[in-house]
Structure formats: structure tokens, C-alpha cells
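Taken together, the values in this text are just the output of simple stated rules run on the coordinates, not laboratory data. Just so you know, these numbers come straight off a predicted model, no measurement behind them. Because the Cβ atoms are built from the backbone with ideal geometry, glycine has one as well, and the counts that use them run over all protein chains shown.
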Amino acid sequence: MKISAKKIFRFLLALFTTYALACTVAAVILAIFPCLDNHNGQWLVWTVFGLLSVGVFFLLYLPGHRHPEKDRLRIVSEVCFLVLLPVWGFFTNWSLHVCQACQLYPSQALRTPDVIGLYVLYAASLIAYTISRRQPRRLRPITEMWLTVFLLIGVILCLALAVQFGKAMLLGLLFGFIGIPLVAPLVALAFLSVELLARRKQRVGQAGMGAQIAVGLGSVLSLWALVHRWIFQAWPWDMFTKTCDWYLSQLQPPPGDCHYLCTVAAQGSRWLVRPQRFGLRHGRTIVVNRQLCVANAFEDLLHSRWPRFGRVCRQTYDRLGWPVSRLLCNKLLANLVYLLMKPAEWFFSICLLLFDNDNPEKRIDRMYQSDIQT
């Protein structure tokens, strides 16, 4: 049997859509029933939805025979990535807590309440997308122009969101029921771009349409920026830049209470992460395990022997570790990160044995004994 690129694409889209739907439904169930938000409860939820997802996958992947023009996969994927996941991301972004140290939302990708203006414009682009899908034939020139303008706006918004999320989209895939909305702009960008190219074919032979589209696009974005400024007392781009820890962010977050190894030591299963004692960090009492002490001893070695390189490593670690620690909200994820960090722990131990002129175990033992380590 010949396997075409179209079949491979359909298979991957069905697989990804099923995964996204399972993550969405599992997140809703865990939110409605907090009693399931534990190790056993989450395994139960994911097992049930894993079995159901097999049937959903084949239902989406197999083409419909009664109405072949109405592709189930395309419709469900559009609803999932254009509507469900953006709505989920909106409420997740809004629900993050205020950082009392700087009165900001350091983990918010988009500043609130400014983000409301973005969703209003995004909703307009979704209406244009729906009309374009329902009416694929050539329409009146004025209608074609405005459809193209709002499809372009949707592409611009999704591209800006994809840039803002950046590498966090990979975390969204790994920690599905927490971060899958981070991936939605990239898929939505693909849907909107394909539809925009399809509308371009309908404008062939319409002279002056390009200039009209440019004027319409500039007018809508300018009006939106002015109204946004008047209502929220901030320009639209401030919702991206007045944040912390994201690609377009310009604000520096305060030091986090924990980095992710510390979070693992505090939240992981005792039989796995093996906490050893309590320690001090930034005036707070924390739970310390062997992995945390080895990592901090390695950093202490860097600062003592190669201070410039140690500062670069610290800055990189702060930028990556803090967003990851915000995702570790249960023992299952904490255990997963602990296991993923095991190779790094072994690497740190080997470096200590090779480059520490003193006894490495002494350096490891004194970590977090006083409030000087980070």
C-alpha cells in the first residue's frame, strides 16, 4: 500500500488532535473534581482517557463515507486548536497569582487585563475564518478584502503568540494537561495561513485589491491600538513586553522561592527523591536531597574556579528553571523531572571528582547548611 504525504499528515494531525482533546478533558475533570488531583487519581484519569482516545483517534482518522466533503478531522481540529485551547489558555493565563515582590505576574505570558483586547481581535479573525470556510467561492470584492484583512490579523496575532511562547511550547507538549494551550497558536497559524492562501486564489484578476487590503489592515490595527490605549492605558505590545520570563518580556523577575530541583525535593515521592534533611535558602527552610546538594556543589565549584562561566550558567539556569518549577504542581511531574535530571546529577558528580581539589563530599555536605547558597 502506497503511503502518501497526505496520509502521513492526516495521521499526525489526528494523533495530535486526539492528544490535545484528551489533555483538555482531563484538565477539566481534574478541575471539577479536586479529589482526583493526586498520584492515584491522575493515573486513573489518564488511563481512562487513554483508552477512550484510541477510539477517538480512529473516529477522526478514518474519512467519513456518508458526507465525505465534511471532514470530521478538519472540523474537530479547527474547534480544538482555534477555540478550545485558546479559551483554556486565556483562563489559565488570567488565573496565575500576583508576585508580591514586584506586583507583577511573572509567569503570565500576556499581561492582564490587556489580553482582553487581543482576544476581541482574535474573535474577529475567527469569524472571518468561519465565513471563508463556509463560503470558499469568490465573493464580492469588498467582502473578499475584509475577509483577507481579518485573516491576516489572525496570522499576525498567532505569530506574535508563537514567538512569545518560544521554547515553552516544548514544555507544553511534555506536560500536556498543563501546557498544551501553548502549542495552539502554532497550529492555529497553520490553519489561518492555509485559508489565507486559499482566499488569494479567489482574488486573481481583481485589480487594486492589494492596496485596499493594506489600507484596511493598517486602519483596523491603528484603530484597535488607539482603543486599546484608551481603555487599558497601555499600548497593545505592552501585554507582551510587560511580563517576565517569556521571549518578548522586558521585565526581570524577582528571585524565585525554589528552582526546580528544590521543588522536586519538596514535592517528589519520598521513596524516590529521598529527602535527607532541611536546609536554608533565601531565609526559607527547604527540604534537601542528594541531587539538589550535588547540583549546588557543582555550581559552587564553577563560581570558585571559573566565576565568569559560573555567572553565565547561573543566569541561564534562572531563566529556564523558574518557568519549569511553576509547572511542577504534583508528585508525578516532580518524580518525572527527578528521573530526567539523573544523568545531569551523575555528570555533576564526575566533574566534582575530577576538578575539586578538596574532598567533594565535604563540599556537598555543606550545601544549604547556611543561607548563602542559591
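Over segment 68-240, what relative contact order in percent results from Cα pairs under 8 Å that are six or more residues apart?
29 percent
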Checklist entry - With each pseudo-label sitting 7 Å past Cα toward Cβ, what's the H303-Q369 distance in nm, one decimal? => result 1.6 nm
Checklist entry - Can you put H303, H228 in order, fewest other beta carbons within 10 Å first? => result H303, H228
Item to check | Rounded, prolate or oblate (a/c below 1.5 giving rounded, otherwise prolate when a/b exceeds b/c) for segment 68-240 by Cα gyration tensor | outcome: oblate
Checklist outcome for this item: Least to most buried among L85, L302, L173, by other C-beta atoms within 10 Å and fewest first, runs L173, L302, L85
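Taking 41 Å as R0, compute the FRET efficiency from the Cβ-Cβ separation of A198 and L339 and round it to 0.05.
0.35
For each pair in K242/K342; K7/K167; K167/K362; K167/K242, compute the distance between the two Cα atoms and list the pairs where it is over 27 Å.
Among K242/K342; K7/K167; K167/K362; K167/K242, the Cα-Cα distance tops 27 Å for K242/K342; K7/K167; K167/K362.
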Checklist outcome for this item: In nanometres, the difference between 0.36 nm per residue of separation and the alpha-carbon distance of V312 and W94 is 75.2 nm
Checklist outcome for this item: Neighbour-count ranking for I32, I364, I231 (other C-beta within 10 angstrom, fewest to most) reads I32, I231, I364
